[in-house]
Every structure is written in C-alpha cells, then in structure tokens.
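Q: A single structure is presented below for examination.
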Amino acid sequence: MSTTVPQLPPELWLAIAAELASISEHGRLPREYMAIHRSYLVLYLDTEYRDIRWTMPCDGMIRQLGQLVSDPTIASRVQSLELSTWYLVHRNQVRFSMLQELHSAILLYLSTYTHPHVAHATELTASSKLLLDRMIGAIHNMRNVVDFRVDLRGLSAVDSRRLLRACRESFGPNLRRLSVKTSVLRFDPVRTLGWLRHLDQLEVRFDHEVEVGNHLMENAETKALQRKVIPFLNRHHHTLRALSILSNSDVDLAPLFRSIGPFPLLRRFSADICFNREQLSDPETLARFIHAHQSSLMHLSLQPRVPGENLLNNDQSAIHHLNSWVPVQQALLKHRVGDDNVEQCPLRSLCTPVGDFDLCLEFISRFSRSLRYLSLTDSSIDQAQLQKMKKVFKKEVSVSTRIDGKDLGNGRSRDSLQLWVSSGLRGR
C-alpha cells in the first residue's frame, strides 16, 4: 500500500523537523529522514554542509572531502569554511620553509631581487599533497561561501597561493567575511585573493615570526607591512564595515595605522595587539585612526597584549599592561569627540582596559550618552571607583562580571547601560 505525503506548508514541515532533531541522539535531523520530504533534504544538507571546518585530519573530514569533490550540488550548500594547514607539514619543515622565505624577504629588502617576493616551496609528503589537492578540488565546487577563515602557517608561499587562487576563482565574488592568520613576512600570498568587492568584515592575525632576532628582519617586516599588508587593506576601504587587527608579531604597527583608511563605512574596529613602544612606536597613529572614524564607529575594542605574558606572574603582567596602555590613553584623550559634542558620536559598545583610572573615566565620559555596553577588561578598580564611574552615565547602569569583554550585544534600550567588569572587581 502506497503512502501519500500530506500537503503541508513548508513552515510546518520545518517545525516537525525541528522537533525530530530535538529528540534525536545528536540533536539534528537523522539522515534517513531526508527521503520523507524535500524540506527535510534541504534542511539536512544545510545542517551537514553549511559550516565546514577542516581544522584537524580525521576519517569524517576525509569522507566529507570526497563528497564535496564529487558532488558540486552538495558543495554549493557550503556558506562558511574554516581551514587550518598546520597538519600538512612537519614542524621542522615549516621552520625550514619560514627561514627560506625570511632569507628571500631580507634579500628583497636589500634590493638584491628586482622581482616580487621569491618563495621556496616546502616539499609536502605524498599524503599531505594528496590532501591539499583534494581540499583545492572541493573548494573549486564551493560557489556560495560568504565566510572564510584560514590559517596559512603550515604552507609554503607557493602552496598558499594555489589554495587562495582556488578560493578567489570559486567564491571570491561572494565573500563577505575573511579571517587570515599568517605572519607579516608571509602575507604576500593573501594578495592572491585580489579585490573582494563584497568584503565587509576583515580580520588579520599576525603570528610571531621565526626567531632570528636581527635588524635586517625588522626592516624586512616593515617593508612587507608597507608593500603587502597596507595595500591589501586599503584596496577594500570602500566596503569594510568591520576590521580586526590581532598581532603576536614583533613588527611595529604604527606605520600600519598611519597608512590605512579611511574606511567610510567602518562600524566595528578591534585591536588586540602589543601596545608597548616596540610594537607601537607612536600611539598617536592609533589614536588618529580611531578619531578619523568617530562619526561611523559603533563598536570599539582595544585589547593590550604583553610579549611573553605567560612567563610573567600577575603583578608583573599588570605592570606591563599599565605601562604600555597609559601612553595610548593619553594619545586618545588628545583628540576630541565631535568638537566636544558627545551627541555626534554613535559609539554603542566599548571594550577597554582601565589602565589609569582618571584617564579611563575621562575617556568613557565622552561616550556617556551613546554607550549601551562598556567592558572593562582588567581588575584594577575598586568598588568606590566603580560607583564613581557609574555616575558618569545619566541612565540605569547594570553591572555584570565575566572573564572577558567579548560578545557585546546591541539590543538594550537607550536609557540603560550594561557594564561588564572582570570577575575580581565586585569583591574588592
């Protein structure tokens, strides 16, 4: 006896699917339900393939690669792709490749080469080469990726270009969010992506370069920053709405902030970097960059890092944080907000260390009318100071404690402020 599938609205089919998924073992619609209705097939494919993560080799990843290579229809469901390459090359090979490319970069700085950066390829093992080839084959079928996160530290420049060229040809025209982790000296392959005309969110993570420790390397990093990184960022200045700079590198980022922008549409800016003099020789460059975007910025996050922080005790780390952050606070206060009219500043969320309390209080008071979320990321204020800070805002202030200042929302009313403080603050 044949069974007729009832004619139900798609919304009802999806509601039934959600209920079935909630009672299943893995919390998602079982594969065998796909044949019941087309809505179930679409839902299953979206659940299974919308967000792809190739961050660790496993049997599931190999099976998935096979499906994506052989079936373009399935590959077209992918909208978010995260890719790490650390497992493709042995650690010693990575170090050897980095040293080779560092040598090329230094020679380029000395004008020995007349051509662009010449890179040496690290020889992949047969299995790693096969895996990379299958990744590239799968990427060629992904036409609808809008979110791409990639860690290039495990690949040579040659293989990085192969990978990113496939990305550009497949989903470059659709890409809206890009996150890249590499070092300044190894940034050149990123330019293979070309101009991404719809890119509105960009995150750049600069890794610490291989330990060489000489003046030539510092100069080579500075030249790479000027010739490769800055032009790539400025190429997207008309579309970017969110920009994040994260750095564990020893490179001085002052030339970066001096030379990028303006970004007319910029709504979010985050700097998670070392603010000491070696990595930010001129705090004014960062202050001027923020000031130049005061009319558009709605979310600002400034997170100081301390070189070798994991080797320091809490007191030493706090001293380093304070010494590196106070000059930035002073530079920020030199620039007025909207000719002293706080109504002109649209900033809704601010994540910042306290540093010097008086400087911090003066800075946040400039946004007292617009702020809805304020996150203080260290525990250097006491209850009396906290009460003094709350009086700056002529609105209801709700205080919450947490470890970090991330995930600041944007749904509170104009008459209230959510104040996030570190977990140690309220008990002091």
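The values are calculated or read from the model by the stated rules, or taken from the named source; none is laboratory data. Remember, it's a predicted structure, so these values are computed and weren't measured experimentally. Here Cβ is always computed from backbone atoms with ideal geometry, including for glycine, and neighbour counts include all displayed protein chains. Note: accessible area is taken over every heavy atom of the protein model, side chains too, but ligands, DNA and RNA are not part of it. Shrake-Rupley method; radii C 1.70, N 1.55, O 1.52, S 1.80 Å.
Q: According to the square roots a ≥ b ≥ c of the eigenvalues of the Cα gyration tensor, what is the shape class of region 223-278, taking rounded for a/c under 1.5, prolate for a/b larger than b/c otherwise, and oblate for the remainder?
A: Note, shape of region 223-278 comes out oblate.
Q: Quote the accessible area belonging to residue 397 in square angstrom, nearest 10, computed with a 1.4 Å probe and with ligands, DNA and RNA left uncounted.
A: 30 Å²
Q: What are the ³J(HN,Hα) values, in whole Hz, obtained from phi via the Karplus relation 6.51 cos²θ - 1.76 cosθ + 1.60 with θ = phi - 60°, for each residue of region 225-239 in sequence order, with x given for Gly and Pro?
A: 4, 6, 8, 10, 6, 4, x, 5, 5, 5, 5, 10, 5, 7, 10
Q: Accessible area of region 145-276 with a 1.4 Å probe: how many percent of it is carbon plus sulfur?
A: In region 145-276, the share of accessible area belonging to carbon and sulfur is 46 percent.
Q: Right, next: In square angstrom, rounded to the nearest 10, how much accessible surface does residue 358 have for a 1.4 Å probe?
A: 100 Å²
Q: Which pairs break 32 Å Cα to Cα here: 181/395; 334/395; 181/391?
A: Correct reply: 181/395; 181/391.
Q: Provide the FRET efficiency to the nearest 0.05 for the residue 258-residue 134 pair, computing r from the beta carbons and using R0 = 35 Å.
A: Between residue 258 and residue 134 the formula returns 0.25.
Q: Something else about it: Considering only protein heavy atoms, with the full assembly of protein chains and a 1.4 angstrom probe, order 47, 55 by accessible area, largest first.
A: Heavy-atom accessible area, descending, gives 47, 55.
Q: Points 7 angstrom from Cα along the Cβ direction at residue 356 and residue 383: gap in nanometres?
A: 2.8 nm
Q: Can you give the accessible area of residue 86, probe radius 1.4 Å, in Å² rounded to 10?
A: About 130 Å², ignoring ligands and nucleic acids.
Q: Right, another one. Which of rounded, prolate, oblate describes region 163-258, given a ≥ b ≥ c as roots of the alpha-carbon gyration tensor eigenvalues and a/c under 1.5 marking rounded, otherwise prolate only if a/b is larger than b/c?
A: Prolate is the answer for region 163-258, as a/c is 1.5 or above and a/b outweighs b/c.
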